[in-house]
Amino acid sequence: MPHPKPAPLRQVDLAALDMEIARHADGTIRACSSFRLGVYAESVTGRLDHWADAAPDRIFLAERDGGDGWRHLTFAEARAGARALGRALLDRGLDAQRPLVILSGNSIVHALLGLAALYVGIPYAPISPAYCLVSRDFAKLKQIVALLTPGLVFAEDARFGAAIAACVPEDVEILVCEAWPAGRKATLFSGLLATQPTQAVDAAHGKIGGDTIAKILFTSGSMAAPKAVVTTHRMLCANQAMIAHALPFLCAEPPVLVDWLPWHHSFGGNHNFGMALHHGGTLYIDQGRPTQMGIAATVRALRDISPTIYFNVPKGFEALLPYLAKEPALAKNFFRRLRLNFFAGASLPHRTLLALDEIAAASCGERIGMISGFGATETAPSVLFQTNLTEKPIDMARPAVGLPLPGNELKLVPLGGKYEARVKGPNVTPGYWRDAELTRQAFDDEGFYRLGDALSFVEESEPGRGFVFEGRISEDFKLSNGTTVSVGPLRGRLFAAGAPYLHDVVIAGESRDAIRVLIFPDLDACRDLANDLAASAPAREILAHPLVREKFHAILAGVSAGAGGATERVVRAALLAEPASIDSGEITDKGTLNQRAVLASRGHVVALLYATAETALLIEPRQADPRLNKWHVPVSARPKTLNN
């Protein structure tokens, strides 16, 4: 019986990116867009001035008002607030040596302070709230504050009091939205907002150029200490011009975003916030998160607002799917005027894309295009875009990331069957704040920024199809037989087989004879499997449940079935009951695992994985039993859950 014809894709104006390449005798490849980057602004807030004049009453930002409604900020109000606060920042003598530090999450107040700093040419640094609210020793925040030497620190509420007491010197002014607890003098935000702007504001605004530092963003990468990425006005303006070339529909209709992605990261703070500002769009601040508890706020926002473009990480789309499936009104509102979906941060499982297509077709009769890209905090962030909607993201091990955006030049250096990616362009950072040595190491002798990632062609004989992501170079290692394990693709295969039960995974095996893995399970999904347990059952009890163990045996069996050799075969795994720790450097503030830090801090677990089967075994691929003609769990493979 023939398969039913899929619903058509909703029409959206996307650029057909093209690429020119030059191959050199040493195997190096240069690749750039066939299109030139057009003229772009010198300052980020030039667009604020433009929209405050052209559409003063249009809503720029909105956040929940504490009830069922929304608090709005128009473009005219945003400029007025930025100018008033800009004068207050100038009066305090803030500059690159004494920048503004923002500790809080996404909010209108956060936005106004950031815009004020941008408007008068004062750098600001939005810092992850996790360094204040999740960390127990505040070690990373102490490093950041010592590096920045801030002149003013903003914290939205008293939850940040302990972190400030531990990390911010007494002579640094603290700015708050509400009365501060006794023990630390603080200035109220409302007082600064009432400041009257003067010609000093216009003079400072007029001096801003492309090289003016806009913000300092922190990215941990594989380093123990966060790296302070200098982000200039040129980087931000050029990158928005690049994105506008790839997504021309944004120029025809101001975008509407419902977005939770944090502004202390490049995706949320540069890409998404910058897109709303650049195109005169509206950004509704979603207070949710892609977790079992946090997704409710996202769903609540999407019941109210219909986005025209939607950004999320794969976990976010997965968390949203059950609600879209069971609430036709929510699905109808979500897809009503949606032109495009965009994911980043990890690979998108094909089943997630198919489920979104199915729900969209049932809701509006059309499927919605899904695209992605590739970049880094150091590139503001976009380098590549995948805008060909016929190239479905079906391979989690090798996700397609597209072609270079205009203005970026890639340098691809051969590296064991793939390429180390380096980039030049106006969106590339000049370096790391107050760290000349780290800056020197980040660039090669031709001035290309070393991304630290590996790329390869979708099809070597057809380079115009673009690139696929092959993982972080620093994570790859060799087994004892000298063969190289490509960690990125292997992690992709594990995610493809393990979703939604596998939250993250760390690959072990350097200088050993075989690969073992440490698995951070998705406890919410595992709890659903072990549904006969009490809701309050601890992690170790959930992971010891027979159905959960059975599921992970099957996951490893699926991965092993497609393995081509020792570099692709996982022979044993440990289920970790304790989550990754931000204080020990195992996980970054954005939830990215530091593979080497996990292996170092959980060396005892790795040692058990490589010990004798009787004492070390947790999970192995199930073995075929010819008598039963089905998979079973050997007695020796029935695990104990590690309390790590």
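For the stretch 308-441, DSSP calls about 65 percent of its internal beta bridges antiparallel.
I need the shape label for the stretch 147-206. Rule: rounded when a/c is under 1.5, else prolate if a/b > b/c, else oblate, with a, b, c from the alpha carbon gyration tensor. Spell out each step's value before the answer.
Values: a/c = 3.04, a/b = 1.68, b/c = 1.81.
Oblate, since a/c reaches 1.5 and b/c is not below a/b.
Taking the Cα centre of the chain as origin and assigning +1 to Lys and Arg Cβ atoms and -1 to Asp and Glu Cβ atoms, the resulting dipole is close to 820 debye.
Within 10 Å of each candidate Cβ there may be at most 16 other Cβ atoms; applying that plus a DSSP loop requirement, which GluC sites (Glu not before Pro) in the stretch 22-131 survive? Don't skip to the end; give the middle numbers.
On the way: sites: 42, 63, 77; in loops: 42.
Those satisfying the criteria are 42.
Three principal axis extents of the stretch 433-576 based on alpha-carbon atoms, in descending order, are 61, 41, 35 Å. Contact order for the stretch 243-369, expressed relative to its length and based on alpha carbon pairs under 8 Å spaced 6+ residues apart, stands at 21 percent. For the stretch 502-545, the Cβ-based charge dipole about the Cα centre amounts to some 160 debye (Lys, Arg positive; Asp, Glu negative; other atoms uncharged). For the stretch 94-250, the relative contact order works out to 23 percent when only alpha carbon pairs closer than 8 Å and six or more residues apart are counted. Relative to the Cα centre, the charge distribution of the stretch 90-146, modelled as +1 at Lys and Arg Cβ and -1 at Asp and Glu Cβ, gives a dipole magnitude of about 180 debye.
Estimated at 0.36 nm per residue, the fully extended path between residue 337 and residue 444 surpasses their Cα-Cα distance by 34.0 nm. Extending 7 Å from the Cα toward the beta-carbon at both residue 540 and residue 133 defines two label points whose distance is 3.0 nm.
Seen against the Cα atoms of the chain and their longest principal axis, helix 487-498 is set at about 70 degrees. For the stretch 502-611, DSSP calls about 60 percent of its internal beta bridges antiparallel. Placing dummy labels 7 Å off each Cα toward the beta-carbon, the span from residue 20 to residue 607 is 5.9 nm. I'm spelling it out carefully: the read-out is mean projected area of the Cα convex hull in nm², the candidates are (1) 29.2; (2) 39.2; (3) 31.0, and one was derived from this structure. Which label? Entry (3). Filter the chymotrypsin sites (Phe, Trp or Tyr not before Pro) in the stretch 244-307 down to the DSSP loop ones having no more than 16 other Cβ atoms within 10 Å, then list what survives. For chymotrypsin sites (Phe, Trp or Tyr not before Pro) across the stretch 244-307 that sit outside H, G, I, E and B with at most 16 neighbouring Cβ atoms in 10 Å, the list is empty. Using a Förster radius of 41 Å, what is the FRET efficiency between residue 198 and residue 436 based on their Cβ-Cβ separation? Nearest 0.05, please. After rounding, the FRET efficiency stands at 0.65. The relative contact order of the chain, computed from alpha carbon pairs under 8 Å that lie at least 6 residues apart in sequence, is 11 percent.
Among the trypsin sites (Lys or Arg not before Pro) found in the stretch 133-237, those both in a DSSP coil and sparsely packed, with 16 or fewer other Cβ atoms within 10 Å of their Cβ, are 136, 184, 185, 207. Accessible surface ranking for 275, 19, 1.4 angstrom probe, highest first: 19, 275.
Dividing the helix sum by the residues of the chain, where each DSSP H run of 4 or more adds -39500 (n - 2.57), gives a mean residue ellipticity at 222 nm of -9000 deg cm²/dmol.
So which of 140/207; 5/332; 227/478; 411/478; 418/551 end up more than 31 Å apart by C-alpha? Beyond 31 Å between Cα atoms: 140/207; 418/551. Placing dummy labels 7 Å off each Cα toward the beta-carbon, the span from residue 533 to residue 592 is 3.1 nm.
Please compute the net charge surrounding residue 71, taking Lys and Arg as +1 and Asp and Glu as -1 over other residues with Cβ under 9 Å from its Cβ. Intermediate results must be reported in sequence, preceding the final value.
Working: positive: 64; negative: 63, 65.
Local net charge: -1.
Dipole of the stretch 1-102 computed with +1 at Lys/Arg Cβ and -1 at Asp/Glu Cβ about the Cα centre; of 72, 46, 99, farthest Cα towards the positive end is 99.
Averaging Cα coordinates gives a centre for the stretch 411-464 and one for the stretch 117-160; these two points are 29 Å apart.
How big is D, in µm² s⁻¹, for the stretch 1-73 by Stokes-Einstein at 10 °C and 1.306 mPa s if Rh is the Kirkwood radius over C-alpha pairs?
Working: Rh = 18.9 Å.
Estimated diffusion coefficient is 84 µm²/s.
Taking the DSSP bridge list for the chain and keeping only pairs wholly inside it, about 65 percent are antiparallel.
Taking the C-alpha atoms only, the angle from helix 139-148 to the longest principal axis of the chain is near 30 degrees.
For the stretch 120-231, divide the Cα radius of gyration by the Kirkwood radius and give the resulting Rg/Rh value with two decimals.
Numbers: Rg = 15.7 Å, Rh = 15.7 Å.
Ratio of gyration radius to Kirkwood radius: 1.00.
The values are calculated or read from the model by the stated rules, or taken from the named source; none is laboratory data. Values in this document were obtained by computation on a predicted structure and should not be read as measured data. Neighbour counts are summed over all protein chains in view; Cβ atoms, including those assigned to glycine, are modelled from backbone coordinates with ideal geometry. Calculation scope for accessible area: heavy atoms of the full protein, side chains included, ligands and nucleic acids excluded. Shrake-Rupley method; radii C 1.70, N 1.55, O 1.52, S 1.80 Å.
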